[in-house]
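Student: Below is one structure. I have some questions about it.
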Amino acid sequence: MIKIERLFKFFGEHPAIVDLSFEVPQGKIFGFIGPNGAGKTSTMRILATLSRPSSGNASVGGFDVQSEQRDVRRIMGYMPDHFGIYPGMRVGEYLDFFGAAFRIPLAKRRGIIKDVLALTDLEQKRDDFVDTLSQGNKQRVCLAKTLIHDPKVLILDEPASGLDPRARIELRELLKTLRTMGKTVLISSHILSDLADFSDLIGIIERGKLVVTGAVQEVAKKYRPYRLLEWRFLEGAETAEGWLKSQPTVQKTELNDHRLRLEGNFNDEDIARFHAEMVGKGVKIIGCREIEANLEEVFMRVTSGGVS
């Protein structure tokens, strides 16, 4: 549904996007990750037909973003990281304004506004002035505006920026709902734990270049091929660590008070044996959990800077 091939974008002599290529299949959510200045917004603006690439190709729904801009805009909804709020305009009026801009007939527009207000949980805010809303509700209004013409593809640039934890959770659930509706979503965010929760695919970009792309769990496993366990003990932590260090499948141990982290290439049978052996040695175990690889870990491994 979204396809980018060998895309370049220069601002003067400065390269913002360098030989960028990736695809987002229909009905999938693609998490776009990178530090500030990495090229995320430049890429999104090209897809939204607001900027032209220096070279390369990009298409949305099979329509070229340079030669078929009207067709792209018809099927695509773009939510920028900063958006305009019109003072003195109520939520319903704001949505009606954008519905009219998309030439949706008035009679049909009323029903659509009711539907997007329900989808974004803004029904009780319809008559409130947009500029008096909380940041979370302003973000919801902008998303509702983005959905007003029922786009097949959504380009969302940092939609969780400035949201409190509750609003972030609600946005996350809304994005999952949009996926069940068949929407294709390209979303950027610096909150990597949220992206990992709802994204089907991720791409990490740095200095305009795509350094990693693929399914979330596949990427995570690629950059941490070993398993990581954390044991908690009531007694015998030192005994447990000493014995586990001698096991051939254990690569590293780290003991902190009564918690022991274990890295290695052990399998489930090994873990069961470790447990039985430690109990046999008088070690009192409270619990054991496996720590899955995550996007934060992958990001720090493949980039030179932090998330921002």
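Student: Please work out if residue 222 is touching a strand residue (DSSP E or B) at 6+ places or on another chain (Cβ under 7 Å), surrounded by fewer than 16 Cβ atoms within 10 Å (Cβ to Cβ) and of a type in the set (D, E, K, R).
Tutor: no
Student: Right, another one. Only one of (1) closer than 18 Å to residue 117 by Cα; (2) touching a Lys or Arg at 6+ places or on another chain (Cβ under 8 Å) fails for residue 159. Which number is that?
Tutor: (2) is the only condition that residue 159 fails.
To keep it simple, each residue is scored yes or no on (1) within 18 Å of residue 188 (Cα to Cα); (2) of a type in the set (D, E, K, R); (3) part of a loop (DSSP other than H, G, I, E, B).
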| site | (1), (2), (3) |
| --- | --- |
| 8 | no, no, no |
| 23 | yes, yes, no |
| 72 | no, no, no |
| 81 | yes, yes, yes |
| 111 | no, no, no |
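Student: Another question about this same structure. Pairs please, first residue from the stretch 21-43 and under 16 Å from residue 53 (Cβ atoms), second anywhere and surrounded by 24 or more Cβ atoms within 10 Å (Cβ to Cβ) and hydroxyl-bearing (Ser, Thr, Tyr), Cβ atoms under 9 Å, 6+ apart in sequence or on different chains.
Tutor: 40/188; 41/188; 43/188
Student: Here's something else I'd like to know. All but one of (1) in contact with a Lys or Arg (Cβ under 6 Å, 6 or more places away or on another chain); (2) part of a loop (DSSP other than H, G, I, E, B); (3) of a type outside the set (A, V, I, L, M, F, W, C) hold for residue 56; state the number of the condition that does not hold.
Tutor: (2)
Student: In addition: As an exercise: evaluate residue 119 against (1) modelled with pLDDT under 95; (2) under 18 Å from the mean Cα position of the chain (by Cα) and give the number of the one condition it does not meet.
Tutor: Result: residue 119 passes all but (2).
Student: Suppose we filter 48, 38 for residues that are under 23 Å from residue 196 (Cα atoms) and under 26 Å from the mean Cα position of the chain (by Cα); which single one remains?
Tutor: 38
Student: State whether the residues of the stretch 101-111 include one that is of a type in the set (Lys, Arg) and under 25 Å from residue 166 (Cβ atoms).
Tutor: no
Residues are listed down the side, and each one gets a yes or a no for (1) assigned by TED's automatic domain parsing to the domain that holds residue 245; (2) assigned to a loop (DSSP other than H, G, I, E, B); (3) surrounded by 17 or more Cβ atoms within 10 Å (Cβ to Cβ):
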residue: 151; (1), (2), (3): no, yes, yes
residue: 171; (1), (2), (3): no, no, yes
residue: 178; (1), (2), (3): no, no, yes
residue: 185; (1), (2), (3): no, no, yes
residue: 193; (1), (2), (3): no, no, no
residue: 196; (1), (2), (3): no, no, yes
residue: 212; (1), (2), (3): no, no, yes
residue: 217; (1), (2), (3): no, no, no
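Student: Residue check: is residue 99 in contact with a strand residue (DSSP E or B) (Cβ under 6 Å, 6 or more places away or on another chain) and either under 23 Å from residue 185 (Cβ atoms) or outside any loop (DSSP other than H, G, I, E, B) (or both)?
Tutor: no
Student: Name every residue in the stretch 263-308 that is among the basic types (Lys, Arg) and either in a helix (DSSP H, G or I) or within 26 Å of residue 197 (Cβ to Cβ) (or both), in order of residue number.
Tutor: 273, 289, 301
Student: Could you pull out the residue among 84, 56 that is assigned by TED's automatic domain parsing to the domain that holds residue 18 and in contact with a Leu (Cβ under 8 Å, 6 or more places away or on another chain)?
Tutor: The match here is 56.
Student: Might you check whether a residue that is under 29 Å from residue 88 (Cα atoms) and assigned to a helix (DSSP H, G or I) occurs anywhere in the stretch 153-162?
Tutor: Within the stretch 153-162, none of the residues are under 29 Å from residue 88 (Cα atoms) and assigned to a helix (DSSP H, G or I).
Student: Right, next: Kindly provide the set of residues from the stretch 228-242 that are surrounded by fewer than 17 Cβ atoms within 10 Å (Cβ to Cβ) and over 22 Å from residue 292 (Cα atoms), ordered by number.
Tutor: 234, 235, 238, 239, 242, listed by residue number.
Student: Within the stretch 250-262, is there a residue that is under 27 Å from residue 33 (Cβ atoms), surrounded by 14 or more Cβ atoms within 10 Å (Cβ to Cβ), modelled with pLDDT of 90 or more and within 31 Å of the chain's Cα centre (by Cα)?
Tutor: Checked the stretch 250-262: at least one residue is under 27 Å from residue 33 (Cβ atoms), surrounded by 14 or more Cβ atoms within 10 Å (Cβ to Cβ), modelled with pLDDT of 90 or more and within 31 Å of the chain's Cα centre (by Cα).
The values are calculated or read from the model by the stated rules, or taken from the named source; none is laboratory data. Only a predicted model underlies this, so the values are computations on that prediction, with no experimental measurement involved. With ideal geometry, Cβ positions are generated from the backbone for all residues, glycine too; neighbour counts draw on all protein chains shown.
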